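What follows is a single structure, written as C-alpha cells, with notes after it.
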Amino acid sequence: MSATARAQVPEAPPRGAAARVRELDWGRISASLDANGCVVIGRALSAGECEALAASYSAAERFRSRVVMSRHGFGRGEYQYFAYPLPTLVAELRTALYPPLADIANHWNSALGLEARYPLTHAAYLEQCHHAGQIKPTPLLLQYTAGDYNCLHQDLYGEQVFPLQVAFLLSEPGHDFTGGEFVLTEQRPRMQSRVEVVPLARGDGVIFPVHHRPVQGTRGIYRVNMRHGVSRLRSGRRHTLGIIFHDAQ
C-alpha cells in the first residue's frame, strides 16, 4: 500500500484559517481521497495554535458535554463537544474547509447515484441540519493518556450526514506521546477489510470519510464502508481536534 498522500501548507505562519485553506491544492486532495480514502494536510496548524487548543480542554465553560469513552464501550479516553459559539479558530476552520469538501462530497454522491447535494456554504448546510432537529455542535477535543484507545466507529448524529470530516493532531508524537496512531478501515463487499495507518505530525490534519466512499471497480463504481479509530497510547498524553460538519440531535 502506498504512503498516505500529503497536501502541504507552505510553512503555516499565523495567517487566518481561510487563507491557509485556500492555499491547499484541492485538485490533489480530491484525487487522493478518490484513490486512497484519506489525505493529510501537512502543517495545517501552528505549534502555538495546537498548544492553545490542547490547553483549552480544561476550560469546561467552552464545552456542551463530556464523554468518558469506557462508560459507553467506545474505548478508553475522553472527549468534549464544544458549545456554540465555537472558538474562533475552530469556527474558521469549519467554515473554510466546508466549501471545497462540499464539491468533493457532491462528486461522490453523483458517482454513487445518490440524489442529495450539499449547498455551497456551511451556513446553508447548518440550516438543513437545524431544520432536521440537529442543533448541537459536533466539533470536539479528544484526550488520551497511556493505555487509552478509540474503537473503530462512524460519527453519525442524525439523518443529516456530511460525508467527510477532518481531525487535527495537537500533540507531538515521540515527545508528548507514543503509540496512538490514527487508523482507518475500509470494508469492501465480499472482500477482507483494508487497513490504513495514517502517520501524523503535530499540526497535521487528516481528511477522511465519515461512513462510506465510492471506489472504482472492474464493473463500475461501488460503495465501501469506512470506520476510524486510534490505536492504544503507549505513553504520554495526546490531544486531537475533530471537525465534523453536520450538527447533532
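The values are calculated or read from the model by the stated rules, or taken from the named source; none is laboratory data. A quick note: this is a predicted structure, and the numbers were derived from the prediction, not measured. Methodologically, a virtual Cβ is constructed for each residue, glycine included, from the backbone with ideal geometry; neighbour enumeration extends over all protein chains shown. Areas reflect the complete protein model, heavy atoms only, side chains present, ligands, DNA and RNA absent. Shrake-Rupley method; radii C 1.70, N 1.55, O 1.52, S 1.80 Å.
What is the percent of Cα-Cα separations in segment 132-249 that go past 19 Å?
Working: 3509 of 6903 pairs.
It works out to 51 percent of all Cα pairs.
Return the Rg/Rh value of segment 188-230, two decimal places, where both radii are evaluated on C-alpha atoms and Rh is the Kirkwood radius.
1.04
Could you look at segment 125-191 and say what percent of its accessible area is carbon and sulfur, using a 1.4 Å probe and all protein chains?
50
What is the P(r) of segment 79-200, as percent of Cα-Cα pairs per 10 Å bin from 0?
Per 10 Å bin, starting at 0, the Cα pair percentages come out as 10, 34, 36, 19, 2.
Give the average over all directions of the projected area of the C-alpha convex hull of segment 44-115, one decimal, in nm².
The directionally averaged projection comes out at 7.4 nm².
Which loop trypsin sites (Lys or Arg not before Pro) in segment 71-164, with loop taken from DSSP, have no more than 12 other Cβ atoms within 10 angstrom of their Cβ?
117
Describe numerically, in nm with one decimal, the distance between label points set 7 Å from Cα along Cα→Cβ at residue 67 and at residue 47.
Once both label points are built, they end up 3.3 nm from each other.
Find the accessible area per residue for the chain; the probe is 1.4 Å, ligands and nucleic acids are left out, and the unit is Å².
For the chain, the solvent-accessible area averages 46 Å² per residue.
Write down the radius of gyration of the chain and its Dmax, each obtained from C-alpha positions, in Å.
17.2, 53
Over all alpha-carbon pairs in segment 112-153, figure out the percentage whose distance exceeds 13 Å.
Of all Cα-Cα pairs in segment 112-153, 72 percent lie more than 13 Å apart.
May I ask you to list the trypsin sites (Lys or Arg not before Pro) in segment 180-249 that are in a DSSP loop and have at most 16 other Cβ atoms within 10 Å of their Cβ?
For trypsin sites (Lys or Arg not before Pro) across segment 180-249 that sit outside H, G, I, E and B with at most 16 neighbouring Cβ atoms in 10 Å, the list reads 190, 219, 232.
Please give the net charge around residue 72, taking every other residue with its beta carbon less than 13 angstrom from that of residue 72, where Lys and Arg add +1 and Asp and Glu add -1.
Details: positive: 66, 71, 76; negative: 78.
Within the 13 Å Cβ shell, the charges total +2.
Under a 1.4 angstrom probe, counting protein chains only, how are 23, 115 ranked by accessible area, largest first?
115, 23
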